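The values are calculated or read from the model by the stated rules, or taken from the named source; none is laboratory data. A quick note: this is a predicted structure, and the numbers were derived from the prediction, not measured. Here the Cβ is made from the backbone with ideal geometry for all residues, glycine too, and neighbour counts use every protein chain on show. All accessible areas refer to the heavy atoms of the entire protein, side chains included, with ligands and DNA or RNA removed. Shrake-Rupley method; radii C 1.70, N 1.55, O 1.52, S 1.80 Å.
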Amino acid sequence: HAGVFEGEDRIIVAFRGTKSTINVKSDLQATSIPLSRVLENEFTPDAHESFMHLVEEAPELVQKARWLTEETVAMVHDSEKGARVHSGFGLAYKSVGAEIICLVAALLEKKERPVYIAGHSLGGAMATICAFH
């Protein structure tokens, strides 16, 4: 669903648009769910190998990413009605969100620079959620 790219003067997070039948199913899951459910980081056993290496080698970055996420989730819970998102878009982002937040945190730890987030179609919705995250 996404790629994280590092440049000397920027970090880019890019989400691809609807491409597969599974993506179309995500597009069509049009009920809403609490945003806090999407933003709660869950580090799953099926995470990519490079991400699991980061978790093992730099647990402090993972902890920092979790703390940042907890702050965001608390802010969402404190809002008047609680933000809600399209369930298909939210769950698609949730499948990669924890990994992206940790990778970006690791890159920013190496060197501070702007982070640009982009996407098209389904990826545009995921990019919006990621920007808030």
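For this structure, a couple of remarks:
- Phi to ³J(HN,Hα) by Karplus 6.51 cos²θ - 1.76 cosθ + 1.60 over the stretch 117-131, Hz, x for Gly, Pro: 10, 9, x, 10, 6, 3, x, x, 5, 5, 5, 5, 5, 4, 4
- Formal net charge of residues neighbouring residue 6 (Cβ-Cβ distance under 13 Å; K, R +1; D, E -1): 0
- Annotation: amide H of residue 17 within the under-5 Å range of 120, 123, sequence separation 5 or more or interchain, hydrogens built in the peptide plane.
- Length gained when the stretch residue 118-residue 21 is fully extended (0.36 nm per residue, less Cα-Cα span): 32.7 nm
- Heavy-atom accessible area ranking, 1.4 Å probe, most first, across 120, 1: 120, 1
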